[in-house]
Ligand code: HEM
C-alpha cells in the first residue's frame, strides 16, 4: 500500500527551550556529534532537531544519505552557514561553489590532486615530514613533551601550501613576513563558534589581521600563478596544483578569474589542513597507547625505508599497508568529519519505503556519515576497539540497508583530497614509528575532543624515545585474530 511520506513535523526529536531549541543540548552533550549520536540512540535513524529559527533533520538512514549525497549539485547544496564563512575569508572555491561553477572547479581540482601530480609533489611532502620528525627528534633528545596537534597542524599547513601554491612555508622557520595563514584558520574557528556574525558589521583587530593575512596570501598566489601560466605557455608540463590550474586555463576550459584562482588554492588549504592534522594526531594518540601496533609499523618500515629513515619514493608507500591501516582505524574511531550539513535546493522527497521523508527547500539535513562504523558490530567487531588489522582483510559485502561509513563523503562531491590526506598521515605514522617509540604524556590532562572544522584532540601530548632496531619483516599480528574488515567505501 502506498503511504504518504512523513514530513519534518511528523518526526520525533529532543524537546528544546523556547527560542533556543536544542542548542543547549549541543553545548551540554560534549562535541556536537556526540550529542547527535546520543539523540540517534533515543529517536532513531532520522529525527528532527530545533535550532534558533529553523528545524533541522538529522539522519543516518542509508536511503536518505544515498540520495542527499548523490543528487548534487542539482538538488542539494552544502549548508550555507559554513560555505558563507569560507567565502567571507576569500576562499570561494570548490568547497562552497555550487552549480556550473562547482563543476568547473571540480574538474580542475580533480586533475590537480590526481595521483600523477601527487607523485610529483612527493618530494615537497617528504621535506615537510622530515622537518617535523627532525624537530621531534630534537624534542626527544631534550626529553620534552610534544604537543602533537600543534605540530601536525603546522605540518599539514606546510604541505598544503607547498603542494597547492608552490611555496615553502617552512623555509623561513616562521619568520616575520612569511604567510600568516594560521591567523585565517583561527578566525574561521572563532567565527564557526560565534553566536552572532558580528564581523559582517564590525571588524575587530583580529579580523583586520586575518584580512591582511588573506591579502598577503592572495598576492603570492597570483604571483605564483602568473609564473605557472608562463611555464605552460612555454610548453612546460604541469607538475603541481598551480600548473594544473594554469594548464586547464590554456586547454580551452573557461578562463579562471583571479578570484577563482585564489579561492581554489585557499579552499584546498582550508579544507585539507585541519581534517588531515586531526587524522594524523588521533593516529599518534592510538599508537601511543598501543605499543604493539607501533612495533608492527616499525617492522614494516624496516623493510621499506632507506638509511635516511624515509621512503625513497612515492611507490614505497604502497608497501606500508599496516601504517595506512592505523590511519584508517584512527579515522574510524575519531572521524575528522563526523557529519556534513546539506540543504535541498527545492521541495523534494528522499528515502524509500518507511523512510520516505518530504523536505522543504532549505531544510538543513545533518548527514551522520560515519555513525555506521561506531555501532555496527557485525561489520566492525568490537567497534570501540583500536584494531588496525581489521583493514588488512578483504572487504565484506555491506548489507544494502547497512548504515553507511563514508568518512570522506560520497557521491560527486566526495573529498578530492582523500589520497593526499591519507598519504600525509600515513607518512607521519610510518616515519615517527620508524625513528621513535611513542609514549602518552597526560601531564596537561586527559585527552579530550573539540569540534571546529574537524574533530580535534585536546591535551594530546606524547614523549618520544629512540626506537629499537626492528628486523625487516611484517611480524605477527599484534593482537588477536584479524577482525571483520570495515570498508571505507563510497556506497553510491
Ligand atoms: C583525513 C583527511 C580528510 C578528511 C577526513 C576529509 C573529509 C572530507 C569530507 C567528509 C568532505 C565532504 C564530502 C561530501 O560532501 O561528500 C570533504 C570535502 C572536501 N575536501 Fe576533504 N578531507 C580530508 C582531507 C582533504 C585534503 C588534504 C584536501 C585538499 C587538498 C581536501 C579538500 C576537500 C575539498 C576541496 C572538499 C570539497 C569537495 C567538493 O565539494 O566538491 N580534503 N572532505
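The values are calculated or read from the model by the stated rules, or taken from the named source; none is laboratory data. In this text the structure is predicted, and so the values were computed from the model without any measurement. For neighbour counting, all protein chains shown are included, and Cβ atoms are generated from backbone atoms with ideal geometry for every residue, glycine included.
The condition (being touching a residue at least 24 places away in the same chain (Cβ under 8 Å) and more than 28 Å from the chain's Cα centre (by Cα)) is satisfied by just one residue among 254, 259, 230: 254. Output the number of the condition that residue 413 fails; it satisfies all remaining conditions of (1) at pLDDT below 95; (2) within 16 Å of the ligand (Cβ to nearest atom). Looking at each condition in turn, residue 413 falls short on (1).
Residue count for segment 304-329, restricted to those that are under 9 Å from residue 426 (Cα atoms) and not in a helix (DSSP H, G or I): 1.
Of all the residues in segment 306-347, those that are at pLDDT 95 or above, surrounded by 18 or more Cβ atoms within 10 Å (Cβ to Cβ) and away from the ligand (no atom under 16 Å from the Cβ) number 2.
Filtering segment 397-410 to residues that are more than 8 Å from the ligand (Cβ to nearest atom) and crowded, with 19+ Cβ neighbours inside 10 Å leaves 398, 403, 404, 405. Selection of first residues in segment 407-429 that are at positive phi and of second residues that are more than 6 Å from the ligand (Cβ to nearest atom), restricted to Cβ pairs under 8 Å at least 6 apart or on distinct chains, gives the following pairs, ordered by first then second residue: 409/369; 411/70; 411/71; 411/72; 411/490; 411/492.
Quick grid of which residues meet (1) part of a helix (DSSP H, G or I); (2) touching a residue at least 24 places away in the same chain (Cβ under 8 Å):
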{"position": "81", "(1), (2)": "yes, yes"}
{"position": "92", "(1), (2)": "no, yes"}
{"position": "95", "(1), (2)": "no, yes"}
{"position": "101", "(1), (2)": "yes, no"}
{"position": "106", "(1), (2)": "yes, yes"}
{"position": "122", "(1), (2)": "yes, yes"}
{"position": "129", "(1), (2)": "yes, yes"}
{"position": "136", "(1), (2)": "yes, yes"}
{"position": "140", "(1), (2)": "yes, yes"}
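Residue count for segment 73-93, restricted to those that are touching a helix residue (DSSP H, G or I) at 6+ places or on another chain (Cβ under 6 Å) and surrounded by fewer than 20 Cβ atoms within 10 Å (Cβ to Cβ): 1.
Regarding residue 432, is this residue crowded, with 23+ Cβ neighbours inside 10 Å, within 14 Å of the ligand (Cβ to nearest atom) and either more than 27 Å from residue 272 (Cα to Cα) or modelled with pLDDT of 95 or more (or both)?
Judged against the criteria, residue 432 is not a match.
Taking first residues from segment 289-307 that are more than 14 Å from residue 437 (Cα to Cα) and partners that are part of a loop (DSSP other than H, G, I, E, B) and at pLDDT 95 or above, the Cβ contacts under 8 Å between residues at least 6 apart in sequence or on separate chains come to 300/320; 304/320.
Criterion first (within 17 Å of the chain's Cα centre (by Cα), at pLDDT below 95 and within 30 Å of residue 437 (Cα to Cα)) does residue 157 satisfy it?
yes
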